[in-house]
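S.K.: Mind having a look at this structure? Questions to follow.
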Amino acid sequence: MSSLVDSFGRKHTYLRISVTDKCNLRCFYCIPHDGIVWKRREELLDFDELTRVARIFAALGIDKIRLTGGEPMMRKDLVKLIAMLSPIPGLRTLAMTTNATLLKENARLLKQNGIKQLNISIDSLRRDRFQQLTGRDEHQSVLDGIKAAIDAEFETLKLNVVTIAGVNEDEILDFVHFIKDESINVRFIEFMPFRNNNWQIDRVVTYKELLEKIAGEFELTPIDTEPSAVAKDFAIKGHRGTVSFITSMSDSFCSTCNRIRLTADGSVKSCLFYPPEINLRDRMRAGASDAEIVEMIKYSLALKPEAHPPAEEIAALENRAMIEIGG
Ligand code: SF4
């Protein structure tokens, strides 16, 4: 039972932890076009600090933790951290989101050490466009990573596709074909504004447009999901895989939000698009007790807004870059 309840009665059970701001890809919608100042190693929470904070959150009712980045596998000895986190009492699910470039060699190890649910970010099935979008010729390593993840048999395997008008919306049906014979969920994510990520409202491919395009070729059946689920899920006739939509711009889901975030440098973010944050790291290093950390977490949640503002207002906010939050 979560005691992390905000002023709108939302129970928080899901913590997203960014373990690094580093990445080996350069996706234009994630890294600000004016560059980023990478955090120094000592600015990042170390594994003992991360585990301590995770333990405190779990005692408050968090039962799912997702590791994100940057690219989490850029964090040295990540598997060691996973092995430290997975036995935490009360933690039902340990999940991760990766760009899969380093997955081929690590998929089984991640599973063996406790990762149950894996999401892979991939925005193109074409090598040339992948290189255009990410600035790196790593398409084959990502496809190899997806294969390794399928073979490792995670509880769930999902592909996250940020869909951008004029960039990759012509591949929507290709992604649906791609998962025909695989138990993979492909999730189309509406393009969201973060600091200097070239976001414009007319580059958002909305849920309505996505659904019309796919339903024009495939027979879709809605799948019931948990109230706090971010995605709208659909089964596809004749497919093993399923398709989903994350619609924070055209049909937001803030009323049932159960998520809270921890940045790699130890700040609690109560909402993805709400800039104010509470830094735990400095207080921890100054000797704060668990009880004091609990108070800071609860204070952060008390500040949480009811919902994110309209898209254009978000675009004007002085918020962190996507790579510094981890989505
Ligand atoms: S925008 Fe904030 S409140 Fe809304 S779903 Fe995302 S994290 Fe939750």
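S.K.: Checking SER7 against (1) polar (S, T, N, Q); (2) modelled with pLDDT of 95 or more; (3) open to solvent by less than 30 Å² (accessible area, probe 1.4 Å), which single condition isn't satisfied?
M.R.: Among (1) polar (S, T, N, Q); (2) modelled with pLDDT of 95 or more; (3) open to solvent by less than 30 Å² (accessible area, probe 1.4 Å), the lone unmet condition for SER7 is (3).
S.K.: Further question: Quick check on region 227-252: of everything there that is polar (S, T, N, Q) and near the ligand (Cβ under 8 Å from one of its atoms), which residue is most open to solvent (accessible area, probe 1.4 Å)?
M.R.: Among those that are polar (S, T, N, Q) and near the ligand (Cβ under 8 Å from one of its atoms), it is SER252.
S.K.: Name the one entry in ALA58, ALA83 that is open to solvent by less than 40 Å² (accessible area, probe 1.4 Å) and of a type in the set (Gly, Ala, Ser).
M.R.: Exactly one residue qualifies, and that residue is ALA58.
S.K.: Taking SER300 as the residue in question, decide whether it is among the hydroxyl-bearing types (Ser, Thr, Tyr) and farther than 18 Å from ILE62 by Cα.
M.R.: The answer is no for SER300.
S.K.: Consider region 36-48. How many of its residues are farther than 27 Å from ARG10 by Cβ and open to solvent by less than 30 Å² (accessible area, probe 1.4 Å)?
M.R.: Number of matching residues: 2.
S.K.: Can I ask one more? Identify all residues within region 164-182 that are of a type in the set (Gly, Ala, Ser) and crowded, with 18+ Cβ neighbours inside 10 Å; write none if there are none.
M.R.: none
The values are calculated or read from the model by the stated rules, or taken from the named source; none is laboratory data. In this text the structure is predicted, and so the values were computed from the model without any measurement. Quick reminder, even Gly has a Cβ in these numbers, built from the backbone with ideal geometry, and neighbours come from all protein chains shown. Side chains included, ligands, DNA and RNA excluded: accessible areas come from the protein's heavy atoms. Shrake-Rupley method; radii C 1.70, N 1.55, O 1.52, S 1.80 Å.
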